[in-house]
Amino acid sequence: MCSASEKYGKILYKRAGIRDLELLVETRIEVLRAANRLDESADLSCVRQQTRDYYEKALNDETHIAYLVFAGETLVGAGGVSFFRVMPTFHNPTGRKAYLMNMYTAPACRRRGIASHTLELLVQEARRKGVEHISLEATDMGRPLYERFGFVKMENEMELETTQSG
């Protein structure tokens, strides 16, 4: 699926559109299963529907841009960036922010620059929109890539944890 020759000529990075909705939804579910170590028995039907609803709106109004990566006809990677606005601050006078998510490379295709190039494309999309503040949540596997790209650990951010009923 990801031979050395494909690295240099047969990998296609495609900006996703609404026609890719079902593939985006299924890729998101796959990413969530991998990131959360969930097996097939975990019920993600609600997440699947909410993801579909999210993509339908966000792809149309460009508050989310996604890339799909193919080796031939096979999906081997993905990534997305969501755009939002918060109250302007001294360090971010526009209040515009971007959040990178859904970064994924198929296990057989890792260590070939796919995630790195996908990340580069997504950051370029943010810069084109004039967004300078880009954040993400890193897995242990992805952290070295993001650090090489220049992302740094945030020191002052906190999150209120909520209990999710089952």
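How many residues are under 19 Å from Leu32 (Cα atoms) and hydrophobic (A, V, I, L, M, F, W, C) when one looks only at the stretch 128-144?
Adding up the residues that qualify gives 3.
Within the stretch 14-36, identify whether any single residue is among the polar types (S, T, N, Q), under 14 Å from the mean Cα position of the chain (by Cα) and assigned to a loop (DSSP other than H, G, I, E, B), and answer yes or no.
Checked against the condition, which is being among the polar types (S, T, N, Q), under 14 Å from the mean Cα position of the chain (by Cα) and assigned to a loop (DSSP other than H, G, I, E, B), the stretch 14-36 yields no hits at all.
Which of the residues belonging to the stretch 36-62 are touching a residue at least 12 places away in the same chain (Cβ under 8 Å) and either crowded, with 16+ Cβ neighbours inside 10 Å or basic (Lys, Arg) (or both)?
Leu44, Arg48, Thr51, Arg52, Tyr55, Ala58, Leu59
Among (1) more than 15 Å from the chain's Cα centre (by Cα); (2) under 24 Å from Ala115 (Cα atoms); (3) not in a helix (DSSP H, G or I), which single condition is Ala42 missing?
Of the numbered conditions (1) more than 15 Å from the chain's Cα centre (by Cα); (2) under 24 Å from Ala115 (Cα atoms); (3) not in a helix (DSSP H, G or I), the odd one out for Ala42 is (2).
Just need a number here: residues in the stretch 8-28 that are among the charged types (D, E, K, R), touching a residue at least 40 places away in the same chain (Cβ under 8 Å) and more than 16 Å from Arg110 (Cα to Cα).
Of the residues in the stretch 8-28, 4 are among the charged types (D, E, K, R), touching a residue at least 40 places away in the same chain (Cβ under 8 Å) and more than 16 Å from Arg110 (Cα to Cα).
If you go through the stretch 104-129, how many residues are without any contact (Cβ under 8 Å) to a residue 60 or more places away in the chain and either touching a Cys at 6+ places or on another chain (Cβ under 6 Å) or hydrophobic (A, V, I, L, M, F, W, C) (or both)?
5
Given (1) in a helix (DSSP H, G or I); (2) touching a helix residue (DSSP H, G or I) at 6+ places or on another chain (Cβ under 8 Å); (3) at pLDDT below 95, identify the lone condition not met by Leu59.
(3)
Considering every residue within the stretch 75-95, establish whether at least one is closer than 23 Å to Ile18 by Cα and not in a strand (DSSP E or B).
no
The values are calculated or read from the model by the stated rules, or taken from the named source; none is laboratory data. Source: prediction; values computed, not measured. A quick note on method: Cβ atoms are made from the backbone with ideal geometry, for glycine too, and the neighbour counts reach across all protein chains shown.
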